[in-house]
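Please read the structure below before turning to the comments.
The values are calculated or read from the model by the stated rules, or taken from the named source; none is laboratory data. These numbers come from a predicted model, not from an experiment. Backbone-built Cβ (ideal geometry, glycine too); neighbour counts: all protein chains shown. For accessibility, only protein heavy atoms count, side chains too; no ligands or nucleic acids. Shrake-Rupley method; radii C 1.70, N 1.55, O 1.52, S 1.80 Å.
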Amino acid sequence: MSSQPLRPVPGPDDASEPFWEACARHEFLLQYCGACGAVRFPPRPMCPACNSFDSEWRPASGRGRIWSWVIAHPPVLPAFADRTPYNVIVVELDEGVRMIGNLLDVPNDQIAEGMEVEIAWEDVEDGVSLPAWRPAS
Ligand code: ZN
């Protein structure tokens with residue numbers, strides 16, 4: 001029996017499966033409306049702007065700025081206990097949507113609003129990679 005509880009991983013649905021499959025290849029894609037072109041994040045079947053069910057996937061910039069963040073302290077899920085205190089940031093992508101993730105390689109007390117970040121990858125298990133962030137190069 002493992003002493004380390006398993007980290008929860010995404011459970012893709014029909015709308016988000018292309019996103020997570022791309023993440024496993026370390027490709028960062030965003031869903032766009034096939035009718036009006038609005039970016040759709042998180043992935044979903046219907047466009048909130050025009051109600052179209054058409055969509056397409058395009059490579060994203062993988063760049064953005066920190067919009068907000070929190071530092072998680074215990075109690076947390078057992079799988080995250082040895083990571084505390086850890087950050088959870090909200091990134092405003094260059095494409096205009098916001099996404100949550102962890103910022104890597106930066107001490108928590110040096111995180112700042114507006115910090116430029118770029119996509120990084122955390123390989124958590126075979127076939128599952130999570131988008132994360134690091135300072136932009
Ligand atoms: Zn639309």
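Once the Cα-Cα distance is subtracted from the 0.36 nm per residue extended length, the Glu27 to Gln110 segment shows a gain of 27.1 nm. Protein heavy-atom accessible surface, 1.4 Å probe, per residue over the chain: 58 Å². If a/c stays under 1.5 just call it rounded; otherwise compare a/b with b/c (prolate if a/b is bigger, oblate if not). Do that for the stretch 61-137, with a ≥ b ≥ c from the square roots of the Cα gyration tensor eigenvalues. It comes out oblate by the Cα gyration axes.
Remark on Ser55: its backbone amide H falls under 5 Å from those of Gly34, a criterion applied only to residues 5 or more positions apart or on other chains, H modelled at 1.01 Å from N. Using a 1.4 Å probe over the heavy atoms of the protein chains, calculate the carbon and sulfur portion of the accessible area of the stretch 42-137 as a whole percent. Carbon with sulfur: 52 percent of the solvent-accessible area. Between Glu95 and Ser61, the modelled labels are 1.2 nm apart [label points 7 Å from Cα along Cα→Cβ].
With the highest mean first, a sort of the peptides 113-121, 82-90, 48-56 on other beta-carbon atoms found within 10 angstrom per residue produces 113-121, 82-90, 48-56. Of interest is the spacing of the C-alpha centroids, which for the stretch 102-127 and the stretch 1-64 amounts to 19 Å. Across Arg134, Arg65, the residue with the most accessible area heads the list, and the full order at a 1.4 Å probe is Arg65, Arg134. For a 4.7 Å threshold on C-beta separation, the list of partnerless cysteines in the chain reads Cys23.
If you stretched the chain out fully between Glu122 and Val9, how much longer would it get, using 0.36 nm times the residue separation minus the C-alpha to C-alpha distance? Don't skip to the answer; put the middle values down first.
On the way: separation 113, 0.36 × 113 = 40.68 nm, distance 1.14 nm.
Contour length minus the Cα-Cα distance gives 39.5 nm.
What the Cα convex hull of the stretch 12-60 gives, in volume per residue, is 58 Å³.
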